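The values are calculated or read from the model by the stated rules, or taken from the named source; none is laboratory data. Keep in mind that this is a model prediction, so the values were computed, not measured. Here the Cβ is made from the backbone with ideal geometry for all residues, glycine too, and neighbour counts use every protein chain on show. Quick note on the areas: whole protein, heavy atoms, side chains included, nothing else; ligands and nucleic acids left out. Shrake-Rupley method; radii C 1.70, N 1.55, O 1.52, S 1.80 Å.
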Amino acid sequence: MLDLLEDLWGFMRERKKFWLAPIILVLLLLGGLLVFAQGSAVAPFIYTLF
């Protein structure tokens, strides 16, 4: 997993694609939120956001 992040950061730094960082961050946050919501009591409140 760490190698993937290092490769991704190297790609963005070398190709000057720093605009990808916020997109990746938002996708990771949304994925984490959905995984967290599946097994918790907060799920009905999170599903109303979508």
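Using a 7 Å offset from the Cα along the Cα-to-Cβ direction at both Val26 and Tyr47, what is the distance between the two label points in nm, to one decimal?
Computed distance between label sites Val26 and Tyr47 equals 2.5 nm.
Figure the gain on full extension for Val35 and Met12 (residue separation times 0.36 nm, minus the Cα-Cα span) and round it to one decimal in nm.
Values: separation 23, 0.36 × 23 = 8.28 nm, distance 2.69 nm.
Net length gain for the segment: 5.6 nm.
For Phe45, Phe36, Phe11, what's the largest-to-smallest order of accessible area, 1.4 Å probe? Walk me through the numbers on the way to the answer.
Working: Phe45 150, Phe36 120, Phe11 90 Å².
These residues rank, largest area first, as Phe45, Phe36, Phe11.
To the nearest 10 degrees, how steep is helix 2-15 against the longest Cα principal axis of the chain, on a 0 to 90 scale?
The two axes meet at around 50 degrees.
Round to the nearest 10 and give me the degree value, 0 to 90, for the angle of helix 20-38's Cα axis relative to the longest principal axis of the chain.
Result, in degrees: 30.
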